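Please treat every number below as a calculation from the coordinates, not as lab data. Everything numeric here is computed off the predicted structure, so don't read it as measured data. No Cβ is skipped: glycine too gets one built from the backbone with ideal geometry, and neighbour counts run over all protein chains shown.
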Amino acid sequence: MQLLFTKITEIKPEEFCKQYGLCRDIALFSSVRSDSTCVFCHHLLDEVMSKLKDPDAEFEIIQILIKECNKIEGHVQQCKRLVLQYIPLILVNGEKFLEKNDICALVQACDASQKRAVGSFLEAGLLSDA
């Protein structure tokens, strides 16, 4: 699992985009990037992080995936075992990955130099709950 996240951090968005035909020209992203796109991206990530930190949301994700396992003929039990064994680990590692990496810069929604101003929405919410 560690290897997966290591590989993800090695991905260069420009190369990935071109390699898989997901963009025509990287300059296209630069022209659409704006402060509001960056703010929206960070807000969206804050929402994702709050869900990843919520045990009820994690449980709900696991329930949904186990339900989906019933659709895999001949491998239902194996699928459920994999979900129970790996999904909690994937969610925890995903949370750590999001905390350590500026995803908004990686997907070019923000300039790499553009950092969040005075903390995140999530941190502000956590402080106000205290």
- Message: Taking θ = phi - 60°, what integer Hz values does the Karplus form 6.51 cos²θ - 1.76 cosθ + 1.60 yield along the range 78-83, in sequence order, with x for Gly and Pro?
- Response: 4, 4, 4, 4, 5, 4
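What FRET efficiency would be calculated for the residue pair GLU60, THR37, taking the C-beta separation as r and a Förster radius of 35 Å, to the nearest 0.05? The partial results should precede the final answer.
On the way: r = 29 Å, r/R0 = 0.83.
With a Förster radius of 35 Å, E is 0.75.
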- Query: Taking a threshold of 22 Å on the Cα-Cα distance, which of the pairs LYS51/LYS71; LYS53/LYS96; LYS53/LYS100 fall above it?
  - Reply: LYS51/LYS71
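Could you put ASP102, ASP56, ASP111 in order, starting from the residue whose Cβ has the fewest other Cβ atoms within 10 Å?
Numbers: ASP102 17, ASP56 8, ASP111 13.
Neighbour counts put them in this order, fewest first: ASP56, ASP111, ASP102.
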- Task: Would you please give the residues with an amide H less than 5 Å from that of GLN108, counting only those at least 5 places away or on a separate chain, with H modeled from the backbone geometry?
- Result: none
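Sort the following peptides by mean Cβ neighbour count (other Cβ atoms within 10 Å, averaged over residues), highest first: 85-96, 70-81, 39-50. Mind dumping the intermediate values first?
On the way: 85-96: 14.0, 70-81: 11.2, 39-50: 16.7.
By packing density, highest mean first, the sequence is 39-50, 85-96, 70-81.
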- Task: Read phi for every residue in the range 59-73 and hand back ³J(HN,Hα) as whole Hz from Karplus 6.51 cos²θ - 1.76 cosθ + 1.60, θ = phi - 60°, with x for Gly and Pro.
- Result: 4, 5, 4, 5, 4, 4, 5, 5, 4, 5, 4, 5, 8, 9, 4
